[in-house]
Amino acid sequence: MNGPEPLRPRAARIGFWMTTALVIGNTIGSGIFLLPAALAPFGADNVPGWIVTAAGGLTLALVFARLGLFVPGAGGPYAYTRDAFGDLAGFTVGWAYWVSIWVGNAAIATAAVGYLGSLVPWMTASPLNTALATLGVVWAFTLVNCAGIRAAGWAQAVTTLLKLVPLVAAIGLLLTRLDEVRWPGGSGAPFTLGGTASVVTLALWALLGLESATIPADKVEGAGKTVSRATVWGTALSAAFSAAACAAVLLLLPAARVASSSAPFADLASAAWGARAARAVSLFAAVSALGALNGWILLQGELPRAMADDGLFPRAFARTSRNGAPAAALLATSAMVTALVLLTVSRTLVGIFTFFALLATTATLAAYLACALALLRVRARRRSDGARAGLAGAGIVACLGAAYSVGALVGAGREAVLWGAVLLLAGLPIHWWLQTRGPGARRLPTAGVGSA
């Protein structure tokens, strides 16, 4: 290629509130509406488990907040790992994280259609209908994101507000019926280390996605500072809403009923306000899943765009539309989601997506661990350069974040960790192919990205 790369037109940007909505919308998705059923068997272990999960999530949020200040620009976990450890490490983490995003999007879209099926039975009348409805949802939000980050941001803000309605209702019900509270597992149930560890791993589902604001960072007003604030506040609010809402279900309904329920929040609404309230909860659960899908589709385009800008992904993924949307990356990735949905139209659909979700979680935890280690490396480099701003407590935060990530990986189980390692290694042939295509990569200049 001859001559300098032209500057891209300045893309529309989102501010603090839309960025915070992206974090909350991606963390509070479809899983929260099933989480109480998974937590019910653990009784009193829910208390220490949620405390550890909330503390670990906030620690990871602080890791990303510091990295957002020290390493401005787009890419999130990929960019931070690359800055600290080089191209190969950055590509490996970015590759695994990107695959986990679009694999997870297939599961999220299917979950959304499942919730909508209780209101529109045609959508789940047959496996083919479910697949077609799922693809319709995926491509609708793909087109929304192709319209630019402002359109995606508004969709995220609206769906985030709507998805909080049933959670706030559950919390309000708990506060007004404290005299009906049932202690999970019985008043004399002991705490167990194994049960607490299981709760920590399960509750982490409620906080996955806390790093969402860091990936499109170059399209956020105020860059590092806004991303840092949105990450911390979004994680704190997500943890508070999720823990309190789960507590409402676990404390107001019998544990056995919750454990066997496929819609615990709907059961709570039905017990309190009747069948219409239960149907309304199903609608809000669908909105929650759709909001999460919108946010993650945004990331499935922004991450490969950032990697392609650095020459670590095919150049076609760096192409953007006139409004700054990574249209090529969005369309190509949604085509992969389409293939995955069509390949999994079978009786084992639920089992396949459960496996995909576990695999995506493991890849995300690997990215979290890499970012905690990256913060240690960046901190040491800044200290050697004489910089002091923002370094106070960074080492402690990084060590705690790394310890929590390792602990959560252990809780995920050996099979998930082994498959996660396979996912990390699967991208190496692509990295090798890109490196052999020509000499060194050169980053495309990006308008409006400054230092923190």
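The values are calculated or read from the model by the stated rules, or taken from the named source; none is laboratory data. Everything numeric here is computed off the predicted structure, so don't read it as measured data. All Cβ positions, even for glycine, are placed from backbone atoms using ideal geometry, and neighbour counts span all protein chains on display.
Listed values, structure above:
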quantity	calculated
Selected residue (only one of Leu283, Leu299, Leu312, Leu290 is closer than 30 Å to Phe42 by Cα, in contact with a Phe, Trp or Tyr (Cβ under 9 Å, 6 or more places away or on another chain) and crowded, with 20+ Cβ neighbours inside 10 Å)	Leu290
Count of residues meeting criterion [of a type in the set (A, V, I, L, M), assigned to a helix (DSSP H, G or I) and crowded, with 23+ Cβ neighbours inside 10 Å] in segment 315-340	3
Complete set of residues in segment 10-31 that are modelled with pLDDT under 80 and not basic (Lys, Arg)	Ala11, Ala12, Ile14, Gly29, Ser30, Gly31
Meets criteria (in contact (Cβ under 8 Å) with a residue 40 or more places away in the chain, within 18 Å of Gln300 (Cβ to Cβ) and part of a helix (DSSP H, G or I)) for Tyr115	no
Residue in segment 249-269 that is under 30 Å from Arg150 (Cα atoms) and modelled with pLDDT of 85 or more present	no
Breaking point among (1) crowded, with 23+ Cβ neighbours inside 10 Å; (2) modelled with pLDDT of 80 or more; (3) among the aliphatic types (A, V, I, L, M), for Val47	(1)
Tabulated pairs, segment 267-282, first of a type in the set (Lys, Arg), second assigned to a helix (DSSP H, G or I), C-beta under 8 angstrom, 6+ apart or interchain	Arg279/Ala266
Close pairs from segment 189-205: first more than 13 Å from Pro36 (Cα to Cα), partner at pLDDT below 75 and not in a loop (DSSP other than H, G, I, E, B), Cβ under 6 Å, at least 6 apart	Ala197/Gly411; Thr201/Gly411
Condition met for Gly185 (touching a Pro at 6+ places or on another chain (Cβ under 9 Å) and either assigned to a loop (DSSP other than H, G, I, E, B) or at pLDDT 85 or above (or both))	yes
Unmet requirement for Ala426, which otherwise passes all of (1) modelled with pLDDT of 90 or more; (2) more than 18 Å from the chain's Cα centre (by Cα)	(1)
Output for segment 33-44, where each listed residue is touching a Phe, Trp or Tyr at 6+ places or on another chain (Cβ under 8 Å) and buried (at least 23 other Cβ atoms within 10 Å of the Cβ)	Phe33, Pro36
Ala40 out of contact with any Ser or Thr (no Cβ under 6 Å at 6 or more places or on another chain), more than 24 Å from Trp296 (Cα to Cα) and of a type outside the set (S, T, N, Q)	yes
Cross-chain or 6+ apart pairs with Cβ under 7 Å, segment 328-343 first and farther than 10 Å from Asn105 by Cα, then crowded, with 17+ Cβ neighbours inside 10 Å and of a type in the set (Lys, Arg)	Ala329/Arg305
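Per-residue answers, yes or no, for (1) in a helix (DSSP H, G or I); (2) at positive phi; (3) surrounded by 17 or more Cβ atoms within 10 Å (Cβ to Cβ):
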position	(1), (2), (3)
Leu119	no, no, no
Asn145	yes, no, yes
Arg150	yes, no, yes
Leu167	yes, no, yes
Gly172	yes, no, no
Val200	yes, no, yes
Leu204	yes, no, yes
Asp218	yes, no, yes
Gly224	yes, no, yes
